[in-house]
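Single-structure report; data block below.
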Amino acid sequence: MKKIFLIAVLILIFVINRAEVCGCTGLPVDLRVITAIDTTEIISIGGIKQLISIKGENKENPILLFLHGGPGSSLMEPADKFTDRLQKEFVVVQWDQRETGGTLKLNPSPKKLTVKLMQDDTYEVVKLLLKKFNHKKLYLASHSWGSVLAFNIADKYPELLSAYIAISPIIDQLKSAKLTEKTLKEWALKNKNEQALKELALVKIPFQQEEDLFYSQKWLFIRNGVEFAKKDDFKSKYYAWMSVWFPVWKESIGGNLFKDLPSVKCPVYFIEGNADGLAAHAIVEDYYKFLKAPKKDFFWFSNSGHTIFNTEPEKLQEVIITEILRKNK
């Protein structure tokens, strides 16, 4: 009798274990193990191999695609630092654009880099993700240069977006550059920095030569306390970046969203830092007030400058979850 009872108990344990694995029992099951996703994939976009990272606790959650800035500044490696909470609410996707990070390691771009080429790539990535997860819409977030790609999607394909989140976006780069130069010259004069005054005097806006952009960015970095801009190899590294991206940057600086995009048909949320005191930040708020959209909001980050995801990652995620996702459902 005891033997029969023991066998029955063992069978019951086996059945319960099998049921838990299959998820077909009323007993508690950690469904996150079944529905979570954490993968890096090589996809075909624009005729070349491109790299994406996908992370989330539930594959059924809304998609959040991040478009990095630069151009050429991958966010894939540090992404967990500013998306760890977001991964509980979204399927978070990081994408290395062509000539960037993991995508560059896979293959260089066989085509000349242009804004349109990058925008076309972005549309393909959006469509691929929607098909992969069987969703009709996704959330799109961008940093800096990424807004050149994202606003194009918001303009032409608003039906594909639940919302667009513009972090430190480019609005009117020509006006922004002029305001920044004025601020830098005032700073250099106040601090009696003769080298800065001499080099800033060489800058011509709009930037036509690589030297114009280099001196402008060099002194902006130094003013804002970015130490690597003071190193001996900074110039060679910056010129290496410009050898790839300066034509695209020069092309994008001509855009003015006040003229080019007075309205969109999807929700848009602006996130901007103003800790560095640059007057150019006000352009973003002015555009927010100007833009017509079905839903919009603006969030200042007073302890951040341009790279909000580095300086205030927790607050950034809190805003996206509570002020955008929760209120956009």
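Values for this structure:
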| item | result |
| --- | --- |
| Boolean, SER243 is assigned to a helix (DSSP H, G or I), over 26 Å from LEU174 (Cβ atoms) and not assigned by TED's automatic domain parsing to the domain that holds ASP80 | no |
| Residue ID - nearest to the chain's Cα centre (by Cα), chosen from residues in region 186-209 that are surrounded by fewer than 17 Cβ atoms within 10 Å (Cβ to Cβ) and assigned to a helix (DSSP H, G or I) | GLU186 |
| Out of LYS218, LYS178, sole residue that is buried (at least 20 other Cβ atoms within 10 Å of the Cβ) and among the charged types (D, E, K, R) | LYS218 |
| Flag for PHE301 being touching a Pro at 6+ places or on another chain (Cβ under 9 Å) and within 23 Å of GLN87 (Cβ to Cβ) | no |
| Residue within region 138-146 that is assigned to a helix (DSSP H, G or I) and surrounded by 24 or more Cβ atoms within 10 Å (Cβ to Cβ) present | yes |
| Residues of region 249-265 satisfying the condition of being surrounded by fewer than 14 Cβ atoms within 10 Å (Cβ to Cβ) and not charged (D, E, K, R) | GLY254, PRO262, SER263 |
| So LYS259, is it basic (Lys, Arg) and not in a helix (DSSP H, G or I) | no |
| Yes/no for LEU179 being touching a residue at least 60 places away in the same chain (Cβ under 8 Å), of a type in the set (A, V, I, L, M, F, W, C) and touching a strand residue (DSSP E or B) at 6+ places or on another chain (Cβ under 7 Å) | no |
| Selection from region 275-306 of residues that are under 17 Å from ASN224 (Cβ atoms), touching an Asp or Glu at 6+ places or on another chain (Cβ under 8 Å) and not in a helix (DSSP H, G or I) | PHE301, ASN303, SER304, GLY305, HIS306 |
| Conditions (1) hydroxyl-bearing (Ser, Thr, Tyr); (2) more than 30 Å from LYS329 (Cβ to Cβ); (3) within 20 Å of the chain's Cα centre (by Cα): number failed by TYR269 | (2) |
| Filter result (surrounded by 15 or more Cβ atoms within 10 Å (Cβ to Cβ) and in contact with a Ser or Thr (Cβ under 7 Å, 6 or more places away or on another chain)) within region 294-304 | SER304 |
| Per-region count, region 67-94, residues assigned to a loop (DSSP other than H, G, I, E, B) and of a type in the set (S, T, N, Q) | 2 |
| Unique match (being out of contact with any Gly (no Cβ under 6 Å at 6 or more places or on another chain), among the charged types (D, E, K, R) and closer than 19 Å to ILE170 by Cα) among LYS295, LYS289 | LYS289 |
| Scope region 164-207; condition over 30 Å from ILE321 (Cβ atoms) and among the aromatic types (Phe, Trp, Tyr); matching residues | TRP187, PHE207 |
| Residues located in region 266-288, provided they are out of contact with any Lys or Arg (no Cβ under 9 Å at 6 or more places or on another chain) and surrounded by fewer than 18 Cβ atoms within 10 Å (Cβ to Cβ) | ALA275, GLY277, ALA282, GLU285, ASP286 |
| PHE214 being assigned to a helix (DSSP H, G or I), within 20 Å of GLY70 (Cα to Cα) and at pLDDT below 95 | no |
| Filter pass, ILE324 being within 23 Å of ASN152 (Cα to Cα), part of a helix (DSSP H, G or I), assigned by TED's automatic domain parsing to the domain that holds PRO62 and not basic (Lys, Arg) | yes |
| Residue count, region 180-211 (criterion: out of contact with any helix residue (DSSP H, G or I) (no Cβ under 7 Å at 6 or more places or on another chain) and at negative phi) | 13 |
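Matching residues to (1) at pLDDT 90 or above; (2) in contact with a Pro (Cβ under 9 Å, 6 or more places away or on another chain):
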site: TYR238; (1), (2): yes, no
site: PHE246; (1), (2): yes, no
site: SER252; (1), (2): no, yes
site: PHE258; (1), (2): yes, no
site: LYS265; (1), (2): yes, yes
site: GLY273; (1), (2): yes, no
site: HIS281; (1), (2): no, no
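The values are calculated or read from the model by the stated rules, or taken from the named source; none is laboratory data. Keep in mind that this is a model prediction, so the values were computed, not measured. Because the Cβ atoms are built from the backbone with ideal geometry, glycine has one as well, and the counts that use them run over all protein chains shown.
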